[in-house]
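The values are calculated or read from the model by the stated rules, or taken from the named source; none is laboratory data. All figures in this text were calculated on a predicted structure; none of them were measured in a lab. Every residue, glycine as well, gets a Cβ built from its backbone with ideal geometry; the counts of neighbours run over all protein chains shown. Surface areas here come from the heavy atoms of the whole protein model, side chains and all, with no ligands, DNA or RNA. Shrake-Rupley method; radii C 1.70, N 1.55, O 1.52, S 1.80 Å.
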Amino acid sequence: MIQGIGASAGIAIGRSFVLPNWEWELPEQKIDVADFAREFERVYEGIRTSKSEIEQIKDELRDVVGSEETHIFDAHIAILDDPVFMNEIQGIIQRQYKAAEVAVKEAIDHFVTMFDLLDDEYMKERALDIKDVGNRLLKHLLGAPEITLPSDTQPFILIAKELSPSQLAHINPQHVLGIVTLAGSRTSHSAIMARALGVPLVVGVEAKLEEPIQTGQTIIIDGSDGTVFIDPEQSIIDSFTELHSHQAEAKKRLHGIAGYRPVTPDGKRLELAANISSFKELEIALSSGAHGVGLFRTEFLYMDRNRFPKEEEQFEVYRSVAERLGGEPLVIRTLDVGGDKQLDYFELPEEDNPFLGYRAIRISLDRQDLFKTQLRAILRASHYGQVKLMYPLISSVDEVRAANAVLNEAKRELEEAGLPYDKGMKIGIMIEVPAAVMIADLLAEEVDFFSIGTNDLVQFTLAVDRMNEEISHLYEPYHPALIRMLRMTVEAAKRRGITVGVCGELAGDLRALPIWLSLDVDELSMSSHSILQVKERLLCTSQEESKEVFEQLHGCRTSTEILAQLNGFMERIDKKTANG
């Protein structure tokens, strides 16, 4: 057994097929000055053909994964259109008298090496995009065939050094049970594609392998926790086969409760909404019985492109989601970039601590031109549904007032232009830094709702970077400090009479449900695949029993003690449910 990184949930069991690495063997032959024009034209033709292929891939995938995920390929087209990339190729041809394919290979290697040297996971993943685009261009210059996956054999688990979005686009989920890549991360474009396609994926296993995986070996992968078994014993195969079967049965059973009202046996209604970043995710959420969208991450509109999206582009997306929800609530979070989320065309400063730096609302208040464009688009969309606006990473009353000042400017501009918007649109903030918790009573006087972002709140409260493997074990979402902070936040909101929701990972954690019921939280917003599981648990968990458990948590001194109480409560509910 080896431990990788779970990047797309699901269990897969089958034989491995190892995708061969394509290594280009290019001769170092020189060309004459008279050949420059011909070599340039070969490059131009290769670029035209490559762009045409990428557009075709986009069209083929759009109905499968949604239009937002296909924006990945817009980034690939942007690379081919980038004058810096083209100038590098032309410069190598002219300065070194090298053929077009050699120049392209050297340009790829140059940019990939440069990006790989950066201490930034996002930029490293962009190096794979450059390599993907460059290899497509090389393929045309060399007249080489694409590596194709077997389609006439039993379904298999694909093993690759790394997998580009272009390669993943040609995968047939009926043939590929799951994927293991030696390199990669959860934030890679390939991981995004795999999740959209519903293919289990484990990445980053290279350092754990003592010997390379060979084609034909029996493999088991769990895309949730990143576990990979290579040639396991029959007992392990039987165990995971049974688990896979149970998951399939549970999934089928859960879909039967999608239309049920989210109410506890003693009458507490807890709205279950979805976190989404694309229209495709919205459709999945609605099929899971989501009550609206509690967190619309707008970052995807800004990523994988070469410029900031215009007001009209944003408005069309926000309006489409609002209309599709048919009056159900839509909480739109303003731009939250910086930290681990970068934009290729927006140069952010290099920082020693980017998570504590220039990001989220801080960028918006600094670049009010960009901020107002987004606010105008959100306001205009509010005319078409129950739209709510939410500011991220708020730590002071001043920030809320400054953001609202820009919002009021946007409102005045729309009124002058005669453009309609909902004048009663609700304004909220994310509670995700300790400062916001400590002044929650003051912030509650400024806004209409809170949404607790537990991911960052845990990270900032415990001073733990959860992406840092050396200290990730210290990331404890059930730390006693967090339990107290949650209570402080919700009580401050309730005293002021504003609603409060939760949109971090803890919202979808079944163990945390009695905490939310006891605190009388109004809404939980989570990834779509968690909604039905939480609803099933909610239907058999009373609020009164939850209050008893929550009071016991305040007597606990450690995360271990708190988890023991919550796990014990879950077991009691399970037994009660099993006994009818």
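Data for the structure
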{"read-out": "Flag for S382 being touching a helix residue (DSSP H, G or I) at 6+ places or on another chain (Cβ under 7 Å) and among the polar types (S, T, N, Q)", "value": "no"}
{"read-out": "Number of positions in segment 558-580 that are open to solvent by 20 Å² or more (accessible area, probe 1.4 Å), among the polar types (S, T, N, Q) and in a helix (DSSP H, G or I)", "value": "4"}
{"read-out": "Where G508 falls short, out of the listed (1) more than 26 Å from the chain's Cα centre (by Cα); (2) at negative phi; (3) without any contact (Cβ under 8 Å) to a residue 60 or more places away in the chain", "value": "(1)"}
{"read-out": "Top-ranked residue of segment 368-384 - restricted to ones that are among the polar types (S, T, N, Q) and within 19 Å of F300 (Cα to Cα), ranked as surrounded by the fewest Cβ atoms within 10 Å (Cβ to Cβ)", "value": "T373"}
{"read-out": "Total residues in segment 212-226, condition open to solvent by 30 Å² or more (accessible area, probe 1.4 Å) and outside any loop (DSSP other than H, G, I, E, B)", "value": "0"}
{"read-out": "Boolean, R305 is among the charged types (D, E, K, R) and touching a Phe, Trp or Tyr at 6+ places or on another chain (Cβ under 9 Å)", "value": "yes"}
{"read-out": "Matching option when the condition is buried (at least 19 other Cβ atoms within 10 Å of the Cβ), aliphatic (A, V, I, L, M) and touching a Phe, Trp or Tyr at 6+ places or on another chain (Cβ under 9 Å), among V437, V387", "value": "V387"}
{"read-out": "Top-ranked residue of segment 85-124 - restricted to ones that are outside any helix (DSSP H, G or I), modelled with pLDDT of 85 or more and open to solvent by less than 70 Å² (accessible area, probe 1.4 Å), ranked as nearest to H140 (Cα to Cα)", "value": "A99"}
{"read-out": "Residue in segment 545-557 that is open to solvent by 50 Å² or more (accessible area, probe 1.4 Å), in contact (Cβ under 8 Å) with a residue 60 or more places away in the chain and of a type outside the set (V, I, T) present", "value": "yes"}
{"read-out": "In segment 420-436, the residues that are aliphatic (A, V, I, L, M) and in contact (Cβ under 8 Å) with a residue 40 or more places away in the chain", "value": "M425, M430, I431, V433, A435, A436"}
{"read-out": "Some residue of segment 357-367 being out of contact with any His (no Cβ under 7 Å at 6 or more places or on another chain), buried (at least 19 other Cβ atoms within 10 Å of the Cβ), at pLDDT 80 or above and over 18 Å from V400 (Cβ atoms)", "value": "no"}
{"read-out": "Hey, T264 polar (S, T, N, Q) and under 25 Å from V203 (Cβ atoms) or not", "value": "no"}
{"read-out": "Filter result for S518 (at pLDDT below 90 and crowded, with 17+ Cβ neighbours inside 10 Å)", "value": "no"}
{"read-out": "Considering residues of segment 258-309 that are acidic (D, E) and crowded, with 20+ Cβ neighbours inside 10 Å only, the residue farthest from the chain's Cα centre (by Cα)", "value": "D304"}
{"read-out": "Residue match in segment 248-256 (condition: of a type outside the set (A, V, I, L, M) and farther than 30 Å from G326 by Cβ)", "value": "yes"}
{"read-out": "Any hit, segment 76-84, residues being surrounded by fewer than 18 Cβ atoms within 10 Å (Cβ to Cβ), modelled with pLDDT of 80 or more and either touching a strand residue (DSSP E or B) at 6+ places or on another chain (Cβ under 6 Å) or charged (D, E, K, R) (or both)", "value": "yes"}
{"read-out": "Unmet criterion (only one of (1) surrounded by 23 or more Cβ atoms within 10 Å (Cβ to Cβ); (2) within 18 Å of M570 (Cα to Cα); (3) modelled with pLDDT of 95 or more) for L506", "value": "(3)"}
{"read-out": "Count - residues of segment 145-159 that are modelled with pLDDT of 70 or more and either surrounded by fewer than 21 Cβ atoms within 10 Å (Cβ to Cβ) or touching an Asp or Glu at 6+ places or on another chain (Cβ under 8 Å) (or both)", "value": "2"}
{"read-out": "Test set (1) of a type in the set (S, T, N, Q); (2) open to solvent by 10 Å² or more (accessible area, probe 1.4 Å); (3) modelled with pLDDT of 95 or more - Q342 fails condition number", "value": "(3)"}
{"read-out": "Wholly within segment 420-509, strands (runs of 3 or more DSSP E) carrying at least 2 residues that are in contact with a strand residue (DSSP E or B) (Cβ under 6 Å, 6 or more places away or on another chain), aliphatic (A, V, I, L, M) and under 21 Å from I332 (Cα atoms)", "value": "426-431, 499-502"}
{"read-out": "Those residues of segment 460-477 which are at pLDDT below 90 and more than 22 Å from A564 (Cβ to Cβ), in sequence order", "value": "D465, R466, M467, N468, E469, E470, I471"}
{"read-out": "Check on T461, without any contact (Cβ under 8 Å) to a residue 60 or more places away in the chain, more than 22 Å from D522 (Cα to Cα) and polar (S, T, N, Q)", "value": "yes"}
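To keep it simple, each residue is scored yes or no on (1) open to solvent by 30 Å² or more (accessible area, probe 1.4 Å); (2) over 29 Å from the mean Cα position of the chain (by Cα); (3) among the aliphatic types (A, V, I, L, M).
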{"residue": "E210", "(1), (2), (3)": "yes, yes, no"}
{"residue": "V228", "(1), (2), (3)": "no, no, yes"}
{"residue": "P232", "(1), (2), (3)": "no, yes, no"}
{"residue": "Q247", "(1), (2), (3)": "yes, no, no"}
